[in-house]
Every structure is written in structure tokens, then in C-alpha cells.
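Engineer: Here it is, the structure, as C-alpha cells.
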Amino acid sequence: MSIWEYANPVKFMRVSGAVLPWLAIAAAVCTIGGVAWGFLTPEDYKQGSTVKIVFLHVPAAMMAINIWVMMLIASLIWLIRRHHVSALAAKAAAPVGAVMTLIALATGAIWGQPMWGTWWEWDPRLTSFLILLLFYIGYIALWSAIEDPDSAADLTGVLCLVGSVFALLSRYAVLFWNQGLHQGASLSVAPGERMSEIYRYPLYLSMFGFLLLFLVLVLVRTRTEIRRRRLAALQAREMRA
């Protein structure tokens, strides 16, 4: 058995259709449970109740970066092996990634205003996230602008390679940029820097819920893209007949 078997659209549709209901239930339970648990935690002694936005901000920021990495891997598979399902999965993931990036920026502004006294600061870490959002928008626009799906997949794959620089920059800027207002990593294994268990466990659950939510959304959207391509092929066949 090979993983490449799932690049077959028929097998992908069959397997994804079977797992989607269970995945959707798990995503709903973990996401709602994690966020609700987080908002029921006590106030932080420094940041008060504003710290609770971490249960939305951190999972969204994590997914915004990792979704682009997933798109990069799917694009590389398309460019190297020419599997259409991988190209469609990358296309399906982009709007979800854009929304996650937007949520991360919005919740970061809401969290930062009472802490920093400003809604926005041209901090290197914030700026790299804003650029990542622009790459998401550009990726989606490029797919829409090109009629031939294979050409669109090729060009968006190249764009994904370029945008990966900013995805990695957004991920590791917290570690190697000390200037700016943005705090360090929320989760750390360094002694004395670990988040309290009161906040850490619901945050883990929320992060896992956001991951499952992404998987549900990307599977649903990929299935929709496959159906759309099948419909276009049937219409083209009818026109030639």
C-alpha cells in the first residue's frame, strides 16, 4: 500500500467521505471545548482577562503558518509528480489559511491594544504576518486569474515557494528577533518560561481543535474542487460531441 494511492481522485473521494463526519465531530468538540475551557480560566495577574484571547490567537497563528507549509508540500508534489489532487488540496487550503492569518492579526491587535497602547506596530513579527496574508491573497487571486488549471497550479506552486520564506519568517521571528513589542513564544520548553498549566492544557486542546477544523475544511473544499473539475470535463465533452 502506498500513500500515492490517495492521489487517485476516486479513492480520495471515497476515503475522505468516510472520515469526514467523524473528523467534523472531533473538530467541533475540541475547538469549542478548548476555547470554552480557556475562557473559563482565571484572569492572569499581569494581563487580566485579555490573556484569554490567547486561546484564539495562538491556534490561528499556528495554523496560518502551517497551512502555508502544507500548501508548499502539496505544490511540490504537483510540480514533481503531477498529482492533481495535491494541486487542488493546495488551492482548497489557501482561503482557510488566509482566514486564519486574518484572525491571528485581528486577535493580536485586540490583545495588543490594552497591553501596548496601540492597535498596530510595525514590529518585524507583525509585519511578516501581514506580508504572509498578502501572499495568501495573491495566491488565491492568481488561481482565479488563470483559466487553464494546470498552468494555474504551476504558477501558484512557484508563488508558494517564494511565500514560504515569509511563512518561515513568521514562525521563527519570535525566536530570533528581540526588538519590537511582540512578546516571545507563548509556548516554550525553557525553564522558567513555561506557561502555567491552567492556561497550557486548554490551549493545547484549542490548537488541536483548530488543526482538526482545518483538516475538515480542506477535505470539504478539495472534494468540491474535484467535483467542479469533473463537471467542467463533462461539459467540455458534451460541447465536443
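Engineer: Could you go through region 196-202 in sequence order and give the Karplus-derived ³J(HN,Hα) for each residue, using 6.51 cos²θ - 1.76 cosθ + 1.60 with θ = phi - 60°, rounded to whole Hz, and x for Gly and Pro?
Structural biologist: Ordered by residue, 3J(HN,Hα) equals 4, 4, 4, 9, 5, 5, x Hz.
Engineer: For region 211-223, what does the Karplus curve 6.51 cos²θ - 1.76 cosθ + 1.60, with θ = phi - 60°, yield as ³J(HN,Hα) per residue in whole Hz, taken in order and with x for Gly and Pro?
Structural biologist: Residue by residue, region 211-223 yields 5, 5, 4, 4, 4, 4, 5, 6, 5, 4, 5, 5, 4 Hz.
Engineer: How large is ³J(HN,Hα) for each residue in region 91-104, as worked out from phi by the Karplus curve 6.51 cos²θ - 1.76 cosθ + 1.60 (θ = phi - 60°), to whole Hz, x for Gly and Pro?
Structural biologist: Those phi angles translate into 4, 5, 6, 4, x, 5, x, 5, 5, 4, 5, 5, 4, 4 Hz.
Engineer: Next up: What accessible surface, in Å², does a 1.4 Å probe find on residue 76, ignoring ligands, DNA and RNA and rounding to the nearest 10?
Structural biologist: Per-residue accessible area (residue 76): approximately 70 Å².
Engineer: Using a cut-off of 13 Å between beta-carbons, work out the net charge of the residues near residue 236 (Lys and Arg +1, Asp and Glu -1, residue 236 not included).
Structural biologist: Cβ neighbours under 13 Å give a net charge of +2.
Engineer: Please give the net charge around residue 88, taking every other residue with its beta carbon less than 10 angstrom from that of residue 88, where Lys and Arg add +1 and Asp and Glu add -1.
Structural biologist: Net local charge, residue 88 excluded: +4.
Engineer: Next question. Whenever you get a sec, compute what percent of the accessible area on the chain sits on carbon and sulfur atoms (1.4 Å probe).
Structural biologist: So the carbon and sulfur contribution to the accessible surface is 69 percent.
Engineer: Mind checking the dipole of the chain: about its Cα centre, +1 per Lys or Arg Cβ, -1 per Asp or Glu Cβ, Debye to the nearest 20?
Structural biologist: That gives the chain a dipole magnitude of about 800 debye.
Engineer: Can you tell me the FRET efficiency between residue 119 and residue 200 if r is taken as the Cβ-Cβ distance and R0 is 35 Å, rounded to the nearest 0.05?
Structural biologist: With a Förster radius of 35 Å, E is 0.80.
Engineer: Counting only heavy atoms of protein chains, what accessible area per residue, in Å², does region 69-136 have with a probe of 1.4 Å?
Structural biologist: 42
Engineer: Further, regarding this structure: For region 82-150, build the convex hull from the C-alpha positions and give me its volume per residue in Å³.
Structural biologist: 87
The values are calculated or read from the model by the stated rules, or taken from the named source; none is laboratory data. The structure presented is a predicted model; accordingly, all values stated were derived computationally and were not measured. In this analysis, Cβ positions are derived from the backbone assuming ideal geometry, glycine residues included, and neighbour counts consider all displayed protein chains. We work out accessible area using only protein heavy atoms, side chains counted, and drop any ligands, DNA or RNA first. Shrake-Rupley method; radii C 1.70, N 1.55, O 1.52, S 1.80 Å.
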